[in-house]
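The values are calculated or read from the model by the stated rules, or taken from the named source; none is laboratory data. Keep in mind it's a predicted model, so treat the numbers as computed, not measured. Methodologically, a virtual Cβ is constructed for each residue, glycine included, from the backbone with ideal geometry; neighbour enumeration extends over all protein chains shown. Surface accessibility is based on the protein's heavy atoms, side chains included, excluding ligands, DNA and RNA. Shrake-Rupley method; radii C 1.70, N 1.55, O 1.52, S 1.80 Å.
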Amino acid sequence: MYGTGSKSKRNYTYSSKTGTSSLRNHNDRWHLEAYLTAALERGWPILSPIIKRGLELGYSLSELKSLNEQGTDLTTLPPRMTCVSDPEGRRSIPQFSVAAFHKFLVEFIVADDQVSSHYMVVHGLCPHTGIECCRMPRV
């Protein structure tokens, strides 16, 4: 029962099987600004999927708070542009590192999967199963 006056307290008892998704959705919808303020002031870990996504897109907590205060829908943010345009309008190139090179190379190979069937046919393998086919000439 809800009490009235300054001395009333709300006590809730939850089961160990109680989910938090409804509460998280409620907090993200109605209390996001308060959560961002408290997270900035108190150094809270970020548990909100909306804010986590914003951080992954390159925004800082203070930028997300400012955008939220302006009424921006944080669920539809584009990736943050961190580069400065040069006179020709090209985006800056990320600094080279072997790890970054490997990451981008793997992403390219996975996304641009053109070579598999051709390679398999040239080497006498069935493109569908990868098993050697006797009918295909070996090079």
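Report the label-to-label distance for Glu41 and His102 in nanometres (one decimal), using points 7 Å from each Cα along the Cα→Cβ vector.
So the two model labels end up 4.4 nm from each other.
Top to bottom by accessible area (1.4 Å), largest first, where do Tyr35, Tyr59 land?
Tyr35, Tyr59
Going highest first, how would you order 66-72, 98-104 by mean Cβ packing within 10 Å? Working shown, then result.
Working: 66-72: 12.0, 98-104: 9.7.
So the order, starting with the most tightly packed, is 66-72, 98-104.
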